[in-house]
Amino acid sequence: MAEGAGGAPGSHDHMEHLERDECVRRLAAHGVGRIGVAHGGRVGIFPVNYVVDGDSVVVRVRPAGELDAATRGTPVAIEIDHADTMYHEGWSVLVQGHCTHVTEPDELHELSQLPLVPWGGSDRDLYLRVAMESVSGRHIHHRKD
């Protein structure tokens with residue numbers, strides 16, 4: 001973490017930009033976020049649970065559902081965050097990358113071994129892999145002044 005409250009000593013900048021490794025660490029520890037997609041001239045944001053697998057994020061969705069149609073080979077964004085409203089502090093991590101539908105049997109078998117149980121029901125057996133092409137994050141620290 002940066003010295004002081006996110007900036008140089010004595011600085012009033014309480015925003016800390018998180019390094020990629022820290023962002024991925026937070027992604028791996030969190031497991032619930034939102035996936036954003038543009039489809040049919042509209043933008044949708046959907047809550048998902050996920051797992052980090054190497055340099056990608058994996059989610060399970062319902063075949064023939066909205067995310068199935070909207071994510072075929074398209075760029076998407078996955079965002080996670082945490083906010084402490086009492087102390088006006090929080091952080092967010094954003095992953096941007098292309099989404100692929102996993103269809104290869106060996107890869108599907110490997111993914112089925114991951115600790116990824118869809119919260120929305122057992123009919124979500126389409127695996128999506130989002131490449132972590134861009135990973136960014138920030139942490140807004142509590143102001144003491």
Please report, in Å, the Rg and the Dmax of the chain, where both are computed over Cα atoms only.
17.2, 57
Highest GNM mean-square fluctuation, the chain, Cα pairs closer than 10 Å: which of ILE45, ILE78, ILE35?
ILE45
Charge-dipole axis of the chain as Lys and Arg at +1 and Asp and Glu at -1 on Cβ define it, positive-most pick from HIS30, LEU67, LEU116
LEU67
Alpha-carbon centroids, segment 92-145 and segment 17-81: separation in whole Å:
5
In whole Hz, what ³J(HN,Hα) sequence does segment 117-128 give by Karplus (6.51, -1.76, 1.60; θ = phi - 60°), x for Gly and Pro?
10, x, 5, x, x, 6, 7, 9, 10, 9, 8, 10
Could you give the length gained by full extension between GLU104 and VAL43, i.e. 0.36 nm per residue of separation minus their alpha carbon distance, to one decimal place?
19.1 nm
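Just to be sure I understand: of the beta bridges DSSP finds with both ends in the chain, what percent are antiparallel, rounded to 5?
So the antiparallel bridges amount to about 100 percent of the total.
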The helix 20-30 Cα axis meets the longest alpha-carbon principal axis of the chain at an angle in degrees, between 0 and 90 and rounded to 10, of 60
So what's the back-of-envelope 222 nm ellipticity for the chain, counting only DSSP H runs of four-plus at -39500 (n - 2.57) apiece and dividing by all residues, rounded to 500?
-4500 deg cm²/dmol
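Every number here is computed from the coordinates shown, using simple stated rules; none is lab data. All values reported here derive from a predicted model rather than from experimental measurement. Please note: Cβ atoms are built from the backbone with ideal geometry, for glycine as well, and neighbour counts cover all protein chains shown.
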